[in-house]
Amino acid sequence: MKHPSMPLFVIGVLIIISMSQVMSSANQSQFFSLMKESLSGNYPLVWDDGNKSVCHFTGVACNNKDEVVNLDLSGWSISGNFPSDICTYLPNLHVLNLGHTKLNFNTHSIINCSHLEELNINHMYLTGTLPDFSPLKSLRILDLSYNLFTGEFPLSVFNLTNLEVLNFNENGRFNLWQLPNNIDRLKKLKSMILTTCMVSGQIPPIIGNITSLVDLELSGNYLTGKIPKELGLLKNLQQLELYYNQELVGNIPVEFGNLTELIDLDMSVNKLSGSIPASVFALPKLQVLQLYNNSLTGEIPDEIENSTTLKILSLYDNFLKGQVPSKLGQFSGMVVLDLSENNLSGPLPTEVCKGGNLLYFLVLDNMFSGEIPDNYSNCMTLLRFRVSNNRLAGSVPKGLLGLPHVSIIDLSINNLTGAVPEISGNSRNLSELFLQRNKISGVIPPSLSKAINLVKIDFSYNFISGPIPSEIGSLRRLNLLTLQGNKLSSSIPSSLSLLESLNLLDLSNNLLTGSIPESLSILLPNSINFSNNLLSGPIPPKLIKGGLLESFSGNPGLCVLPVYANSSSQNFPICPHHYNKGKRINTIWVAGVSVVLIFIGAGLYMRRRYNKETSAVENDETMSSSFFSYDVKSFHMITFDQREIIESLVDKNVIGQGGSGTVYKIEFKSGDVVAVKRLWSRKSKDSAAEDRLFMDKALKAEVETLGSIRHKNIVKLYCCFSSLDCSLLVYEYMPNGNLWDALHKGWVHLSWPTRYKIALGIAQGLSYLHHDLLLPIIHRDIKTTNILLDVDYQPKVADFGIAKVFQARGGGKDSSTTVIAGTYGYLAPEYAYSPRPTTKCDVYSFGVILMELLTGKKPIESEFGENRTIVFWVSNKVEGKEGARPSEVLDQRLSASFKDDMIKVLWIAIRCTYKDPASRPTMKEVVQLLIEAVPRSSDSSKLSNMTTKEVSNVTTVKKTYEL
């Protein structure tokens, strides 16, 4: 018997389903309407087509019921507030991918998405706390990497038994937390990346039960204890990273030899001990093995010779001994070999270049002996070759210095003999060449000038003779030239004055004769030393004014002109009469020329008056054309006449000159003062083609980044002018110059409260760059000459590598990775190993500045010892074998009443200059440490609000040459 109401029921159900679909469609449309209202940026035009279903929108995927199941906006240039309660509008959402966008996303609004299988919100730099993820039972992929979440880590993620990927990489603001002991519930987990997210405690052995794991990364945390042998059960593991935990101890488990799928193993920067199991070297697929900075002992086993896969082997800073297997790399095509700072001995491996892929060969600070194999000259891909501080003998292989890509060659502190090899034109990428403290003889080859990108040359303490080649003057990027302790003869070439970037010049302890070229005065490097030679004649006045007189001692033939006799603390004799006579003749000659020029000028003036109207019109047209040919970018409100800047770029306004350009002080009619850096002209006729630098699009982006910075301790960039002829950067003017001059020229005496204020200000500026911007900025060249002082001695960090950006554009496609940024004496030691700078490099440089402020000494002084810096000297005094003597390093000119406060800052400086980058504090931590070390007579609030009254803490000393 048919039920009469049955058709009505079916119809009702169909109506309900239809209404549900209509409502669902309406909800989906409403969601995308909300999206378009709240977002800004470039979303696809198809989203504005009201006639299209949302299922046809770019980034949207639907099921066969036209329900949105996938929303992928990753990488879109959009910002704004992402609508809350997304699953109220899209209830069947399976995939949500918002990675690499600038959206504001509320993670707590995702919890009702019961069907969600993939949530990817990486690289969004979101803040706030995270919710309980337990309701998201279908979740397979959870990627919250590169954010700034705070509070408690959401341990609820370990309840999501369907998880295959768990990624919290780089979330360093959580409270400390520990891995749960029931972590093996995640039976399907393939990738667990918890790098730098505040994990502490021990690694649970039970992780060994998650045999599905392919990628396990727990680096950059606070893990302690031994590495559990149960990790050897992870039969599918391809990548294991436990580096930078610092407190992992004990032996490397022998069971790691069972990880037959392992490709990458990195357990560096811990406290592991014992020998490296031979079974690890025999792993059939291992490509990367990094165990540096531990306390490992024993030898490198012969099994490594048979590897067909090993590409990167980094074992530096351990206690390994014995010989390196000679056939290392014969089958595997090594890319990186770093065995530095061990006790390894015997000959260097001969087959390491055989695969033709070697980039880094680093074995410094060992006891290797024998000769450098000749076949190393065939390592055409090599970027860095460092074998310093060993016992190597024989000559330098002929082709080694001519490798086409090598940027650093360090052969120092060995027993090498023979001559410096000739350099071919292939060496265009070579930036650092160190041969000091060997037994090298012969002459310096003029072909050295073919290595046009050289930044550092150190041939000191050898048996090199003959003249200094004048061709060295063509190495325009040279920052360091040290040739002391040789048998160099002849005169100092005047071409050295062309080395506009030179920071350290040492020609001491040679047999140099003749006079000191007057042209060298334009360099005024931070450190210069011509002592103990056979030089004669007057010391150039500008070098005396620069406070460099002590650099000329031990030259009996040198003298000073009578006007500078009182400046000499080295007892130099007064120059004979004929030098003064020459000066007077020059003065008369200049006066005569001046009179002639005055007459010529008068004639031209009369002629100009005669054609006044025509000349005025032409002048206006010329200035207008010159001015309007500039592309102008302003970053602050400017009130000065921009044309006035162009007209003021004259010699009398020059206040500085460097490797990248000339700096002018420009005073406007309004009374405002600015500093203008004129970068070297693209069309400079005396520059090499690769030095003809210009403001390309990439550089404009860099300048705009600098222009967006707003901080009281960062020098203000007002605007930028750029044209094909030159580029001008307009900065705020700093009347008290730079910190180097204030500390080391002796023109002012800075009290400790003022020095402390300067230190705190620099730290706050660097902390802003490192921690308060969306993307951190690494300065890379922090030094006292780049710290400017305003009228109240408030410090301003300056020179953000604009010159370095220009240089990087000039050296070919990979020059940006090989151009040397930084200054000798301030460079962090890890620069020897890693080409990539980090914020910890800036921390190290800041530590050097702290030491300068505390001691009053320069980063490099002869009393520190050869090749030693202030860091070594201070550390040796404070932490040396003779016991702690911190007060001995403090500047004796400072009041003893601040001794305890200064010692607190001294310990901060030592922490900042630790050899291990991971042991250094962040700049944010440094700021806090400095605030806690505030001088007792004041407090941080007073220091941050100091006014011109503080200048009483600065004693001005009349410059000696003005007395």
Handout entry: Hey, Ile492 in contact with a helix residue (DSSP H, G or I) (Cβ under 7 Å, 6 or more places away or on another chain) and either at pLDDT below 95 or over 25 Å from Gly402 (Cα atoms) (or both) or not
Key = no
Problem - Residue satisfying condition, being touching a helix residue (DSSP H, G or I) at 6+ places or on another chain (Cβ under 8 Å), at pLDDT 65 or above and aliphatic (A, V, I, L, M), within set Leu728, Leu706 - result: Leu728
Completion exercise
For segment 385-399 the number of residues that are surrounded by fewer than 22 Cβ atoms within 10 Å (Cβ to Cβ), farther than 20 Å from Asn343 by Cβ and not polar (S, T, N, Q) is 4
Completion exercise
Of the conditions (1) part of a helix (DSSP H, G or I); (2) under 20 Å from the mean Cα position of the chain (by Cα); (3) aliphatic (A, V, I, L, M), the single one that Leu743 does not satisfy is (2)
Fill in the blank from the handout: Pairs returned, first residue in segment 283-300 that is within 21 Å of Ser332 (Cβ to Cβ), second residue that is assigned to a loop (DSSP other than H, G, I, E, B) and of a type in the set (Asp, Glu), beta-carbon separation under 7 angstrom, 6 or more apart or interchain, are Lys285/Glu261; Tyr292/Asp317
Exercise for the section: Select, from Ser200, Ser212, the only residue that is at pLDDT 95 or above, surrounded by fewer than 20 Cβ atoms within 10 Å (Cβ to Cβ) and not in a loop (DSSP other than H, G, I, E, B). Expected result: Ser200
Practice task
Taking the options Ser134, Ser138, Ser156, Ser200, name whichever one is touching a strand residue (DSSP E or B) at 6+ places or on another chain (Cβ under 6 Å) and of a type in the set (Gly, Ala, Ser).
Solution key: Ser200
Exercise for the section: Determine if segment 243-259 includes at least one residue that is farther than 26 Å from Gln202 by Cβ and more than 26 Å from the chain's Cα centre (by Cα). Expected result: no
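When the residues of segment 341-372 are narrowed to those that are among the small types (Gly, Ala, Ser) and part of a strand (DSSP E or B), which ends up nearest to Gly394 (Cα to Cα)?
Gly370
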Exercise for the section: Would you check if Leu337 is at pLDDT 95 or above and either of a type outside the set (Val, Ile, Thr) or surrounded by 18 or more Cβ atoms within 10 Å (Cβ to Cβ) (or both)? Expected result: yes
Practice task
For residues that are in contact with a helix residue (DSSP H, G or I) (Cβ under 9 Å, 6 or more places away or on another chain) and among the β-branched types (Val, Ile, Thr), tally how many sit in segment 464-486.
Solution key: 2
Problem - Odd one out for Ile276 among (1) modelled with pLDDT of 95 or more; (2) over 35 Å from the mean Cα position of the chain (by Cα); (3) part of a loop (DSSP other than H, G, I, E, B) - result: (2)
Exercise for the section: For residues that are surrounded by 20 or more Cβ atoms within 10 Å (Cβ to Cβ) and charged (D, E, K, R), scanning just segment 477-517, find the one that is farthest from Lys783 (Cα to Cα). Expected result: Asp506
Completion exercise
Within segment 849-874, the count of residues that are over 25 Å from the mean Cα position of the chain (by Cα), without any contact (Cβ under 8 Å) to a residue 40 or more places away in the chain and at negative phi comes to 3
Practice task
Specify the residue that is nearest to Leu774 (Cα to Cα); the eligible residues are those in segment 111-125 that are assigned to a loop (DSSP other than H, G, I, E, B) and not hydrophobic (A, V, I, L, M, F, W, C).
Solution key: Tyr125
Exercise for the section: Tell me which residues, restricted to segment 318-334, are more than 20 Å from Leu392 (Cβ to Cβ) and either crowded, with 19+ Cβ neighbours inside 10 Å or among the acidic types (Asp, Glu) (or both). Expected result: Asn318, Gln330, Ser332
Fill in the blank from the handout: Residue hits (segment 440-455; buried (at least 22 other Cβ atoms within 10 Å of the Cβ) and either touching an Asp or Glu at 6+ places or on another chain (Cβ under 9 Å) or among the acidic types (Asp, Glu) (or both)) are Leu448, Asn453, Leu454, Val455
Practice task
Determine whether Glu518 is of a type in the set (Asp, Glu) and within 31 Å of the chain's Cα centre (by Cα).
Solution key: no
Handout entry: Phe153 vs. criteria at pLDDT 95 or above, of a type in the set (Phe, Trp, Tyr), within 15 Å of Leu218 (Cβ to Cβ) and part of a loop (DSSP other than H, G, I, E, B)
Key = yes
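The values are calculated or read from the model by the stated rules, or taken from the named source; none is laboratory data. Keep in mind that this is a model prediction, so the values were computed, not measured. With ideal geometry, Cβ positions are generated from the backbone for all residues, glycine too; neighbour counts draw on all protein chains shown.
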